[in-house]
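Asker: Let me begin by handing over the structure; questions about it come next.
The values are calculated or read from the model by the stated rules, or taken from the named source; none is laboratory data. Remember, predicted model here, so these are calculated numbers, not experimental data. When we count neighbours, we look across all protein chains shown, and the Cβ atoms used for this are built from the backbone with ideal geometry, even at glycine. Accessible surface areas use protein heavy atoms only, side chains included; no ligands, DNA or RNA. Shrake-Rupley method; radii C 1.70, N 1.55, O 1.52, S 1.80 Å.
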Amino acid sequence: MEEESDTRKINNSFLRDHNYATEADIISTVEFNSSGELLATGDKGGRVVVFQREQESKSQPQRRGEYNVYSTFQSHEPEFDYLKSLEIEEKINKIKWLPQQNAAYFLLSTNDKTVKLWKISERDKRPEGYNLKDEDGRIRDPSTITTLRVPVLQPMDLMVEATARRVFSNAHTYHINSISVNSDLQTFISTDDLRINLWNLEITDRSFNIVDIKPANMEELTEVITSAEFHPQECNTFAYSSSKGSIRLCDMRQAALCDKHCKYFEEPEDPSTRSFFSEIISSISDVKFSHSGRYLMTRDYLTVKVWDLQMENKPLETYQVHDYLRGKLCSLYENDCIFDKFECVWNGSDSVIMTGSYNNFFRMFDRNTKRDVTLEASRENSKPRAILKPRKVCVGGKRRKDEISVDSLDFSKKILHTTWHPHENIIAVAATNNLYIFQDKVN
């Protein structure tokens, strides 16, 4: 593809990042809500930061699209499992928004063991004139009360409050890797390495185990669950991916325990390309249904694949994300990068897919035109409203001045977490402790 002539540029609308980079500040998940007006990030320090989109003003129409901090709260704290002598870190593994049904917003956040339901609401009035309390909140002596007052609501500065409404705990022996909200808006699933549990959003003290792949003898364990997601329209259908590169589609109407799948998606391995690393790089790190519900997208170490739900034997489309790393798998194994878990996302119309790479590069693939582009999220080339220039990686031979050699890629800079606005060409990209928000070119 001629990247230089790509007219569908994604622009940097603005940049929000911080000048600190402790381990706790590393962003571990990013997620737009269903309207795209809010964007939530979770980090390794257990914090959730919610950004809200600026409303359009006639005096500054170009500010529409900027996201500013709306609420920050500590979602999870570090814990210790005394029975197993294990530390449970506070890192937020996933955030999922519930569709908005009233003025408040609700989101689910999870660390390795516990899922929490948070309510984010606004308050701009406070009650005054209580009968049994004085203005400082102290209880009044009933014998001193001689008149009856009617409390009134007084205006106050806008306050955004985050309160934990439910805590879903003690249901996972292994680390939770994903959560997904059902389209029935009543249930959600939480997934760890060997089991998937189904919860009702109103009930915290019990969940139903719907998938269990734990063998009777753990020495016979050959694969683990890596990700799971509900179908966007069919509340009985969900899919989960495995470390062996397969995807199973399950129907909860068939049985209470979905140990038998109704569809099994796997691409046969090419014996000519088999190597020591084949099984590691075929492990699926993310699975996503398209908004239409017709396709499944999966990300493994080197590729993104799109599957048609009606065709199980091979993917409909395969996109090479960073094929130039195929010759470097040995060194990537030694520095543990080969185990990195990259996410993938659809755009609002399911026509473009996006996923991350190394050196703060992220890739976009247009499914209709079959064109692809590599862009970079870095502070050096990301001035507000600057156009992002496509990047190219040179594998061998003579390197052009605008290309970067595969040997000079920085593997400590990686884009694992990305999200796409549900209706517009606005994307959020997490690069270590920096959050970049890019917008389609505005004329």
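Asker: Looking at G327, G348, can you tell me which residue is among the small types (G, A, S) and under 18 Å from V306 (Cβ atoms)?
Answerer: Numbers: G327 fails: under 18 Å from V306 (Cβ atoms).
Checking each option against the conditions leaves just G348.
Asker: Going residue by residue through the range 355-365, is there one that turns out to be on the phi < 0 side of the Ramachandran plot and in contact with a Cys (Cβ under 7 Å, 6 or more places away or on another chain)? Don't jump to the end; show me each part of the working.
Answerer: The first filter runs over the range 355-365 and keeps only residues on the phi < 0 side of the Ramachandran plot, leaving 355-358, 361-365.
Subset that is in contact with a Cys (Cβ under 7 Å, 6 or more places away or on another chain): 355.
Yes, because at least one residue in the range 355-365 is on the phi < 0 side of the Ramachandran plot and in contact with a Cys (Cβ under 7 Å, 6 or more places away or on another chain).
Asker: So A164 fits all but one of (1) under 30 Å from N182 (Cβ atoms); (2) open to solvent by 70 Å² or more (accessible area, probe 1.4 Å); what number is the exception?
Answerer: Result: A164 passes all but (2).
Asker: A further question follows. R248 - would you say it is open to solvent by 20 Å² or more (accessible area, probe 1.4 Å), assigned to a strand (DSSP E or B) and of a type outside the set (D, E)? Before you say what the answer is, go through the steps one by one.
Answerer: On the way: open to solvent by 20 Å² or more (accessible area, probe 1.4 Å): yes; assigned to a strand (DSSP E or B): yes; of a type outside the set (D, E): yes.
Yes: the conditions hold for R248.
Asker: Tell me which residues, restricted to the range 285-311, are open to solvent by less than 30 Å² (accessible area, probe 1.4 Å), more than 15 Å from the chain's Cα centre (by Cα) and not polar (S, T, N, Q).
Answerer: Result: G293, L296, D300, Y301, L302, V304, V306, W307, D308, L309.
Residue-wise test of (1) open to solvent by 20 Å² or more (accessible area, probe 1.4 Å); (2) within 30 Å of R47 (Cα to Cα); (3) over 15 Å from the mean Cα position of the chain (by Cα).
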| position | (1), (2), (3) |
| --- | --- |
| I404 | yes, no, yes |
| D407 | yes, no, yes |
| K413 | yes, yes, yes |
| H417 | yes, yes, no |
| N425 | yes, yes, yes |
| A430 | no, yes, no |
| Y436 | no, yes, no |
| D440 | yes, yes, yes |
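Asker: Might you check whether a residue that is assigned to a helix (DSSP H, G or I), touching a helix residue (DSSP H, G or I) at 6+ places or on another chain (Cβ under 9 Å) and open to solvent by less than 20 Å² (accessible area, probe 1.4 Å) occurs anywhere in the range 371-388? Before the answer, list the steps.
Answerer: Of all residues in the range 371-388, those assigned to a helix (DSSP H, G or I) come to none.
Within the range 371-388, none of the residues are assigned to a helix (DSSP H, G or I), touching a helix residue (DSSP H, G or I) at 6+ places or on another chain (Cβ under 9 Å) and open to solvent by less than 20 Å² (accessible area, probe 1.4 Å).
Asker: For A431, are the conditions met, namely being more than 26 Å from N335 (Cβ to Cβ), touching a residue at least 60 places away in the same chain (Cβ under 8 Å) and among the small types (G, A, S)? Before you say what the answer is, go through the steps one by one.
Answerer: Numbers: more than 26 Å from N335 (Cβ to Cβ): no; touching a residue at least 60 places away in the same chain (Cβ under 8 Å): yes; among the small types (G, A, S): yes.
When the stated conditions are applied, A431 does not pass them.
For (1) in contact (Cβ under 8 Å) with a residue 60 or more places away in the chain; (2) within 22 Å of T173 (Cβ to Cβ), each residue gets a yes or a no:
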| position | (1), (2) |
| --- | --- |
| Q52 | no, no |
| L83 | no, yes |
| L86 | no, yes |
| E89 | no, yes |
| L107 | yes, no |
| K113 | yes, yes |
| P142 | no, no |
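Asker: Considering only the range 325-350, state which residues are acidic (D, E), in a helix (DSSP H, G or I) and in contact with a strand residue (DSSP E or B) (Cβ under 8 Å, 6 or more places away or on another chain).
Answerer: none
Asker: Here is a follow-up. Tell me, please, whether a residue that is more than 17 Å from the chain's Cα centre (by Cα), over 26 Å from S35 (Cα atoms) and either surrounded by fewer than 21 Cβ atoms within 10 Å (Cβ to Cβ) or not aromatic (F, W, Y) (or both) can be found in the range 88-96. Don't jump to the end; show me each part of the working.
Answerer: Keep residues of the range 88-96 that are more than 17 Å from the chain's Cα centre (by Cα), which gives 88-89.
Now restrict to residues that are over 26 Å from S35 (Cα atoms): 88-89.
Then drop every residue that is not either surrounded by fewer than 21 Cβ atoms within 10 Å (Cβ to Cβ) or not aromatic (F, W, Y) (or both), which leaves 88-89.
Taking every residue of the range 88-96 in turn, at least one turns out to be more than 17 Å from the chain's Cα centre (by Cα), over 26 Å from S35 (Cα atoms) and either surrounded by fewer than 21 Cβ atoms within 10 Å (Cβ to Cβ) or not aromatic (F, W, Y) (or both).
Asker: Mind listing whichever residues of the range 251-306 are part of a strand (DSSP E or B), out of contact with any Pro (no Cβ under 7 Å at 6 or more places or on another chain) and farther than 16 Å from T318 by Cβ? Working first, answer last.
Answerer: Of all residues in the range 251-306, those part of a strand (DSSP E or B) come to 251, 263-265, 286-289, 295-299, 303-306.
From what's left, out of contact with any Pro (no Cβ under 7 Å at 6 or more places or on another chain): 251, 263-265, 286-288, 295-299, 303-304.
Within the range 251-306, D251, K263, Y264 meet the criteria.
Conditions tested, residue by residue: (1) at pLDDT below 95; (2) among the charged types (D, E, K, R); (3) open to solvent by less than 60 Å² (accessible area, probe 1.4 Å); (4) farther than 30 Å from N68 by Cβ.
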| position | (1), (2), (3), (4) |
| --- | --- |
| A104 | yes, no, yes, no |
| T110 | no, no, yes, no |
| V115 | no, no, yes, no |
| I145 | yes, no, yes, yes |
| N197 | no, no, yes, yes |
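Asker: Six or more apart or on different chains, Cβ atoms under 7 Å: show the pairs whose first residue is in the range 258-273 and under 21 Å from V306 (Cα atoms) and whose second is open to solvent by 80 Å² or more (accessible area, probe 1.4 Å) and part of a loop (DSSP other than H, G, I, E, B).
Answerer: C262/Q254; E267/K314
Asker: With respect to P127, is the statement that it is open to solvent by less than 80 Å² (accessible area, probe 1.4 Å), touching a residue at least 12 places away in the same chain (Cβ under 8 Å) and touching a strand residue (DSSP E or B) at 6+ places or on another chain (Cβ under 7 Å) true?
Answerer: yes
Asker: Name the residues in the range 205-222 that are open to solvent by less than 70 Å² (accessible area, probe 1.4 Å), out of contact with any Phe, Trp or Tyr (no Cβ under 7 Å at 6 or more places or on another chain) and part of a strand (DSSP E or B), would you? Can you show your working first?
Answerer: Of the residues in the range 205-222, the ones open to solvent by less than 70 Å² (accessible area, probe 1.4 Å) are 207, 209-213, 215, 217, 221.
Those left that are additionally out of contact with any Phe, Trp or Tyr (no Cβ under 7 Å at 6 or more places or on another chain): 209-210, 212-213, 215, 217, 221.
Selection gives N209, I210, D212.
Asker: Every residue in the range 399-413 that is assigned to a loop (DSSP other than H, G, I, E, B) and under 18 Å from G356 (Cβ atoms), please.
Answerer: Pass one, the range 399-413, residues assigned to a loop (DSSP other than H, G, I, E, B): 399-402, 409-413.
Hits for the range 399-413 are L409, D410, F411, S412, K413.
Asker: Of all residues in the range 154-195 being within 20 Å of V48 (Cα to Cα) and of a type in the set (V, I, T), which is modelled with the lowest pLDDT?
Answerer: V160
Asker: Let me ask something else. Out of (1) part of a strand (DSSP E or B); (2) over 23 Å from the mean Cα position of the chain (by Cα); (3) not charged (D, E, K, R), what's the single condition that is false for F362?
Answerer: The single condition F362 does not satisfy is (2).
Asker: Restricting to the range 160-186, count the residues that are under 16 Å from F230 (Cβ atoms), β-branched (V, I, T) and without any contact (Cβ under 8 Å) to a residue 40 or more places away in the chain.
Answerer: Number of matching residues: 0.
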